Amino acid sequence: MTLLMIPGPVALHQRVLNAMAKPMINHRSKEFANIYEECVSILKDVFHTKNDIFILSGSGTSGMEAAVSNVVDGDDVITTVNGKFGARFKKIAELYGNAIPVEYRWGNSVELDDIKKALENGAKVVTMVHNETSVGILNPAKEVAALAKKYDALFIMDGISSIGGVDAPIDKWGVDIAIAGSQKCLAAPPGLVAISVSEKAWKRIEETRAPYYLDMKEYRRYANKEVTQTPYTPAIPLFFALQEALRMLREEGMQERIKRHRRCAEAVRKAMEAMGLELFPCLNEISRHSNTVTAVNMPEGITDKQLRDGMREKGVLIAGGQGHLAGKIFRIGHMGIISAKEVLLTIEALESVLAEHGIGTGEGVAAAEQVLKI
Ligand code: PLP
């Protein structure tokens, strides 16, 4: 079986796969309501929030569009871009309002001063991708949330590839709308997105012309019915799976999970360094390397195709660069339920592929083992 080390969708536990094989149920039944409510309850712990959470049937992007389209109707939106998903937020903001991009080369860090300057001009919505999966950078969401609050703007955070794997305390930071994807750190199949909405965001939503399918007021109305529901037919098998994945997350404990992600990421980074490879992101003092995906500059002497085909032949799937970074970087996903074993298999395969091209030092596995304490 191929080892899936791409930054989502992630490998699923057998318990999660089995959960999807259950017979179909009525989505307007108490049975579905119980599943939905249990998922929301665990997600509130994962998000560290008392805000409302809704689970939409749709991929992460539907959550991004729901967030923007419910609070923006022709308004200015400050939209930070330092990778592909930030660029996507910008496009969505352009569609529903007037995007004011705070833009950097992909992989470069966001500067708070630039956001502050943009806020001084009066925009009342800020979007940011917390973990920019396309470049392996963890953006300073906490700091930007505080800035947005200072200027009385709503802060929308794409936590699609961070929530459930890294520390992202939504209420403590003051994130008004946060989005988590099912197929990333939550270790469920793709196709569901969880979205939290603060009191401040609700006020804005109530004054804004709503989209149809993604109208958050409808999600709230149906969630508050006597039997909890979603407005439209939900992807029921995915809910079965999400419930099981979230139970597994609760069994592990959020803090343990964060530690595991941190340890695996550190092991990957140390291994890259020991192998003489260079990490792609360009960090300032408030940005971090991602703990869910590592982006590495493609070394000289091997092509993207040779590298990834070589890895695939050894049974490990990793990702390439997106957009203009195709061929220039490769990315290793390390989120969900992966452990030391998968990290070491990946490093071992990478070392061996590189060695076939006369690249590397052969010291990657030992460096990773040191972090993983094996
Ligand atoms: N935002 C981030 C940070 C992502 O990593 C992704 C997917 O990789 C998305 C948004 C888009 O999610 P989806 O492909 O589920 O729509």
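Quick check: anything in the range 61-78 surrounded by 20 or more Cβ atoms within 10 Å (Cβ to Cβ), within 21 Å of residue 135 (Cα to Cα) and away from the ligand (no atom under 12 Å from the Cβ)? Yes: the range 61-78 contains one or more residues that are surrounded by 20 or more Cβ atoms within 10 Å (Cβ to Cβ), within 21 Å of residue 135 (Cα to Cα) and away from the ligand (no atom under 12 Å from the Cβ).
Does residue 168 count as assigned to a loop (DSSP other than H, G, I, E, B) and at positive phi? No.
The numbered conditions (1) buried (at least 20 other Cβ atoms within 10 Å of the Cβ); (2) more than 30 Å from residue 37 (Cβ to Cβ) are all true for residue 305 except (1). When residue 148 is tested against the conditions (1) under 18 Å from the mean Cα position of the chain (by Cα); (2) crowded, with 23+ Cβ neighbours inside 10 Å, the lone failure is (1). Scanning the range 125-139 for residues that are more than 7 Å from the ligand (Cβ to nearest atom) and not in a loop (DSSP other than H, G, I, E, B) yields 125, 126, 127, 128, 137, 138.
Rundown of residues vs (1) in contact (Cβ under 8 Å) with a residue 12 or more places away in the chain; (2) farther than 27 Å from residue 168 by Cβ, yes/no style:
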residue: 216; (1), (2): yes, no
residue: 222; (1), (2): no, no
residue: 227; (1), (2): yes, yes
residue: 232; (1), (2): yes, yes
residue: 241; (1), (2): yes, no
residue: 244; (1), (2): yes, no
residue: 250; (1), (2): yes, no
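For the range 171-204, filtered to residues that are part of a loop (DSSP other than H, G, I, E, B) and away from the ligand (no atom under 16 Å from the Cβ), the residue that is surrounded by the most Cβ atoms within 10 Å (Cβ to Cβ) is 176.
The rows are residues; the columns are (1) out of contact with any Ser or Thr (no Cβ under 9 Å at 6 or more places or on another chain); (2) among the hydroxyl-bearing types (Ser, Thr, Tyr); (3) assigned to a helix (DSSP H, G or I); (4) open to solvent by less than 10 Å² (accessible area, probe 1.4 Å).
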| residue | (1), (2), (3), (4) |
| --- | --- |
| 227 | no, no, no, no |
| 233 | no, yes, no, no |
| 244 | yes, no, yes, no |
| 249 | yes, no, yes, yes |
| 258 | yes, no, yes, no |
| 261 | no, no, yes, yes |
| 273 | yes, no, yes, no |
| 277 | yes, no, no, no |
| 286 | no, no, no, no |
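Scanning the range 308-335 for residues being open to solvent by 60 Å² or more (accessible area, probe 1.4 Å) and either acidic (Asp, Glu) or at positive phi (or both) gives a total of 1. Against the test of being touching an Asp or Glu at 6+ places or on another chain (Cβ under 7 Å), more than 12 Å from the ligand (Cβ to nearest atom) and among the polar types (S, T, N, Q), the options 108, 82, 98 yield a single qualifying residue, 98.
The values are calculated or read from the model by the stated rules, or taken from the named source; none is laboratory data. Values in this document were obtained by computation on a predicted structure and should not be read as measured data. Don't worry about glycine lacking a Cβ; one is built from the backbone with ideal geometry, like all the others, and counts go over all protein chains shown. Protein only, heavy atoms only, side chains kept; ligands, DNA and RNA dropped before computing areas. Shrake-Rupley method; radii C 1.70, N 1.55, O 1.52, S 1.80 Å.
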